[in-house]
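Report on the following structure.
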Ligand code: GLC
């Protein structure tokens, strides 16, 4: 089957969060038995292979004429093959060769409207168009609408089915009704008919939900949460109407890349040698970050800094955790205010708390491999990646029981030492997080046997993509009617 992913990010070229990694991990596994393409904008600042190197190649397609905002933009497409996946980079310098990252420009809606149209105009040039076009979040959300409501595209893609994965519905692709006409060149009548209307605006995510043949999200629990008015972010009724065409499939991780036995950034360890191996990594982290105390718990947090991730709870829990003896390492970047507050805690506890603003892949691996606990106290979490990586490296996750964190971490309940892989709490407040950290620290100091047992359970957990890619294939087959 030919599957084409249309995504605003995908590793190894560009990722700002979990989605970019998920698109790559899933595609790589699928590519073992299918033809898989990933369509990406040709951004500035690509890793793995730079945009300059890519642009030196002979284009795979040239001069695709893309209609956008009543203009015509020319798009060249470059192809790069990695891990069996065909990456197609859609080039439009005015939109994507920019200096300050890939998102948060005043004209994001227009940039991704271009991407949507360009992806579509490229797909119809393929001799064998994909059977499945798999969209991720809002960015190319109106693509299935453009196909299904326009004869020209519908005829050319008549065997193609559309799958949408919702990674984060807090990003809804909102635009003014006027933008529908002025940017997408879609008649405002579509808004008046109500189908693209989202509280008086247009939401490309809503369009994607309505017009996709199958909608997925990244865990079963989050699927159920999205059907409630409390968590549905306004999409609950639409999703309820999809019935069995809305499913949850939990994310995997690339367990070859995240592999404590051969990680290029860390001291190696397997399940039977982890005590020594983890200690080596812990020493390296402490030394590099100018902290001391290899016998005291090292608690880490590696994530984007957004309100969703529960940083507020972490900040309020720091004094208590420090008092109980823990060292705390926080790495990530995002909202400036959160970065400043995090830094102020480091200033308050200079010998116990270390805050690294930014993201350093090497150090992230080392922190997972060297820390004893990893915090994931999210307000909501469709799946979450941090806890999956943490478990792989035997850093026990301390999570809030929400979304994918429920599906991927088995909390210790006082009895289930045979299965438990972490700790969890329910209420989104700092007292609950503090209490849970206290329980974890208590076990660290006073019940080494249990601590080791939980670490072993973590190291044995299998969250490989092999397991979950099969579920996507089954879903694709269902969408194409097999
Ligand atoms: C988003 C979600 C996160 C999920 C990731 C990949 O970042 O917030 O929970 O793990 O997408 O699907």
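Please treat every number below as a calculation from the coordinates, not as lab data. Values in this document were obtained by computation on a predicted structure and should not be read as measured data. Cβ sites come from the backbone with ideal geometry, for glycine too, and all protein chains shown count toward neighbours.
Relative to the current alpha-carbon distance between residue 47 and residue 294, full extension at 0.36 nm per residue lengthens the span by 85.5 nm.
Beta carbons within 10 angstrom, averaged per residue: use that to sort the peptides 283-290, 13-20, highest first. Display every interim value, and only then the final one.
Working: 283-290: 16.0, 13-20: 21.0.
My ranking of the peptides, most packed first, is 13-20, 283-290.
Could you order peptides 470-481, 383-394, 94-105, 403-414 by the average number of other Cβ atoms within 10 Å of their residues, highest first? Please list the in-between numbers first.
Working: 470-481: 15.9, 383-394: 26.6, 94-105: 13.6, 403-414: 21.3.
Put in order of decreasing packing, that is 383-394, 403-414, 470-481, 94-105.
With the Cα gyration tensor of the stretch 60-147 giving a ≥ b ≥ c as the square roots of its eigenvalues, does the rule (a/c under 1.5 for rounded; else a/b larger than b/c for prolate; else oblate) give rounded, prolate or oblate? Note, shape of the stretch 60-147 comes out rounded. Computed from Cα atoms, the angle from the helix 311-323 axis to the main principal axis of the chain rounds to 10 degrees.
With both labels modelled 7 Å from their Cα along Cα-to-Cβ, the residue 230 to residue 456 distance reads 3.7 nm.
What do you get for the angle between helix 108-123 and the principal long axis of the chain? Use alpha-carbon atoms, 0 to 90 degrees, nearest ten. Here the helix axis deviates by roughly 60 degrees. Cβ-to-Cβ counts within 10 Å put 139, 2 in ascending order as 2, 139, the fewest first. The angle between the Cα long axis of helix 361-370 and the longest principal axis of the Cα atoms of the chain comes to about 40 degrees, rounded to the nearest 10.
What relative contact order, as a whole-number percentage, does the chain give when Cα pairs under 8 Å and 6 or more residues apart are counted? List each step's numbers first, then the result.
Numbers: 944 pairs, mean separation 59.7, N = 482.
Value for the chain: 12 percent.
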